[in-house]
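Read-outs throughout are calculated quantities, based only on the coordinates presented, and are distinct from any laboratory measurement. Keep in mind it's a predicted model, so treat the numbers as computed, not measured. Positions of Cβ are backbone-derived with ideal geometry, glycine not excepted, and every protein chain shown enters the neighbour counts.
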Amino acid sequence: MNTPAPAISAETEAQILDAVDKFLERDVRQHVMRLEHADEYPHDIVEGMKELGLFGAIIPEEYGGLGLSASTYSKIVERVSAVWMSLSGIFNSHLIMSAAVVRFGTEEQKRKWLPKFASGEIRGGLALTEPNCGTDLQAIRTVAKRDGDDYVINGTKTWISNGIYGTCFALLVKTDPEVQPRHKGTSLFIADKRDGFTVGRKLEKLGYKGIDSAELIFEDYRIPADQLISGEEGRGLPHALGGLELGRINIAARGVGVARSALELAVKYSQERQTFGKPIAEHQSIQIKLADMATRLEASRHLMEAAAKAYDRGERCDMEAGMAKLFATETALYNATESMRIHGAYGYSKEFDVERLYRDAPLLCIGEGTNELQRILIARQLIQRNQI
Ligand SMILES: Cc1cc2nc3c(=O)[nH]c(=O)nc-3n(C[C@H](O)[C@H](O)[C@H](O)COP(=O)(O)OP(=O)(O)OC[C@H]3O[C@@H](n4cnc5c(N)ncnc54)[C@H](O)[C@@H]3O)c2cc1C
């Protein structure tokens, strides 16, 4: 169960969102196209994100964060993603790692790690996926063996966001590879870069440029036992998946941001571009596209807000977060595709933003649990909550 988030006034939320908007317009928007096409990590922008406190957005104030609710946090993620989705990955993955420590860490772990996570001095992400498995995380092969006061870890993770520039990861391992059911053999560690932890190759991607995705290799990587989150073996998967509720709300928010941006570009372009003596916005087939995009966007935002509010009330919301993630990300893909078609050839040009949205949107349907998996989880919850 989540801990209810402290409420902030509507005025304070408006001030925070205004600061984010100003930052995006002043320090981000003008650099996006260059950084995106060069696939360059945005070091200067990350410094600005640190100053804004984004790396501590949902970390409680007593540990140096802003202590924001999921509702406010999702509005920030939407804004950032509407300008450049890659930036949201730099602080979202980091905050999912942080959320695992906030929710399941010992008091000692919280005091040691969270202030440095909140300031952005230590940044990182979540290391779950392996070359042989992503959806079926119980099949992971990375193993941690207890050795005195330490654990020694061997294995390989892949597709890890922030893998190169991040220095600390919530690392899912097997502490008992034989036990059944398989999830009882998993544990989650706070894994900081040190001897035995190397970064493999940087992975080349269709979109989501600028943010680093990499393989992480662990060879006789030795860390103190007090970096086992909660101090208890066998609870790794629930601890990792517990953070994913917020993770799915945040992916829904990214979907809303991308979908909104695609719609705004289409609304503008369709009034500028003329065919057969009138703006294309006056052709009925374009109007139908715009109406469908706007309606899906609105529905996505409602689902996102409902899931975030349930999370903030401390309720179980895996079904709500799953529905928001599923619908908002499919809407992002739909809106990006429709916006590209409305732009005609220019939608296919690297000089127009809509081309980036078209490459970014598919990732949202894969990350934080594929949309195929979301449907299965939603159906399971539906049955469980409505037993006859
Ligand atoms: C850019 C990018 C960034 C990422 N960042 C991270 C990160 O920071 N940390 C991290 O740990 N991982 C990360 N990932 C990995 C991501 O979480 C996985 O790719 C995702 O979970 C899917 O796993 P997979 O690729 O192994 O696909 P698979 O699990 O092999 O699935 C393949 C297909 O089968 C379907 N499928 C699988 N099981 C079922 C089932 N039971 N029923 C129906 N259909 C099923 C899937 O939906 C999918 O369509 C990232 C991936 C990308 C592309």
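Worth pointing out:
- A cut-off of 5 Å between modelled amide H atoms, ignoring neighbours fewer than 5 places along the same chain, links residue 202 with no other residue.
- Annotation: extensible slack from residue 232 through residue 12 equals 75.4 nm (criterion: 0.36 nm per residue apart, minus Cα-Cα distance).
- Counting beta carbons within 10 Å around each of 24, 244 and listing the fewest first gives the order 24, 244.
- Zone residues, segment 7-28, relative to residue 51, backbone N less than 20 Å from point 7 Å out along Cα-to-Cβ: 15-28
- Pairs exceeding a 24 Å alpha-carbon distance, out of 22/325; 50/75; 209/289: 22/325; 209/289.
- Approximate spin-label separation residue 373-residue 108, in nm, with each point projected 7 Å along Cα-to-Cβ: 3.2 nm
- Distance (nanometres) between label positions extended 7 Å along Cα→Cβ at residue 267 and residue 146: 5.9 nm
- The chain, relative contact order in percent, only Cα pairs under 8 angstrom and at least six apart counted: 17 percent
- In sequence order, segment 372-388 has phi-based couplings of 5, 5, 4, 4, 5, 5, 5, 4, 4, 5, 4, 5, 4, 7, 10, 5, 9 Hz under the Karplus curve 6.51 cos²θ - 1.76 cosθ + 1.60, θ = phi - 60°, and Gly or Pro positions carry x.
- Shape of the chain from the C-alpha gyration tensor: prolate (a/c of 1.5 or more and a/b above b/c, with a ≥ b ≥ c the square roots of its eigenvalues).
- Between residue 176 and residue 359, the contour length at 0.36 nm per residue exceeds the Cα-Cα span by 61.9 nm.
- Nearest-0.05 FRET efficiency for residue 165 and residue 22, computed from C-beta distance (R0 30 Å): 0.75
- Percent RCO, i.e. relative contact order, over segment 181-340, from Cα pairs under 8 Å lying at least 6 residues apart: 26 percent
- Residue order for 22, 193, fewest other beta carbons within 10 angstrom first, comes to 22, 193.
- Listed peptides 218-230, 292-304, 332-344 by packing density, highest first (mean Cβ within 10 Å): 332-344, 292-304, 218-230
- Inter-label distance, nm, simple model (7 Å from Cα along the C-beta direction), residue 285/residue 62: 6.1 nm
- Amide proton proximity set for residue 222, modelled H, under 5 Å, gap of 5+: 153
- Straightening the chain between residue 183 and residue 316 buys 45.9 nm, computed as 0.36 nm per residue apart minus the Cα-Cα spacing.
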